[in-house]
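Here the structure comes first, spelled out in structure tokens, and everything after it is commentary.
The values are calculated or read from the model by the stated rules, or taken from the named source; none is laboratory data. Here the structure is a predicted model, which is why all the values come from computation and not from measurement. Neighbour counts are summed over all protein chains in view; Cβ atoms, including those assigned to glycine, are modelled from backbone coordinates with ideal geometry.
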């Protein structure tokens, strides 16, 4: 029996890149995250999966990888990324649900998931999907919103918030927006054979007052100095971890980086997808998946044989 599909937080039609990042006073957070990514990323690689790529804010930071798959649920966000990055063969744009990733197992030698997990009502299920797509020895960089942050602790102590920042269960502070306890995230990763190698705490100085008084370059530099304390404790609103799958060096990505060989059918899991005009056809279940303007759409099939669908 197939599992019920969790709700998806979609940014379709949103001006998120402009309103939140470019005009929303978030330059400090952006620079701090860039520092964290530089510390955690491998210097080079074959095929990287960027989960929740959005408009491609971070994509240029993965310059050491030969090819990058940008995945997002929103077609409009991917179109913005495409306008920013271009249609070079190096980039593959994919609209899909993280709960039903359309990639062959063991494909990627690295993946990133930044500012995405906090939208996952079933985070363990999403992480299991990511794990299936990773090759042996692959690197996974995950950012998550930290439930046990200083602001939440202070509000809880002062009686201004009902939920405890110290318990492990996730808290939904707004619709489809979740904070997670670091210990719970660690347990989820360990269960699926993802061993955390390094932890960084990010956005130590996230304060409107500080942003007004202190130049962004100084704030980001100070944050960079504080990030390694994540190995000892995690009390910031954002936490980055680098985890690795067991096994040797990943070698699958270099030989499986071409469309359509990277894809599997989200409906049946079949890998026999054949290209047709503006679509990919599954030879096993008959599902047809669209392609338009260089963006592959695996959210909803153009045609589907429901009887052939397998559990997610």
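Observations on the structure shown:
- Members of the stretch 155-174 found to be within 19 Å of residue 123 (Cα to Cα) and surrounded by 10 or more Cβ atoms within 10 Å (Cβ to Cβ), listed by number: 165, 166, 167, 168, 169, 170, 171, 172, 173
- Answer from 81, 96 - the residue that is free of Cβ contacts under 8 Å to residues at least 60 places away in the same chain and in contact with a strand residue (DSSP E or B) (Cβ under 9 Å, 6 or more places away or on another chain): 81
- Residues that are crowded, with 19+ Cβ neighbours inside 10 Å, modelled with pLDDT under 95 and out of contact with any strand residue (DSSP E or B) (no Cβ under 9 Å at 6 or more places or on another chain), drawn from the stretch 38-58: none
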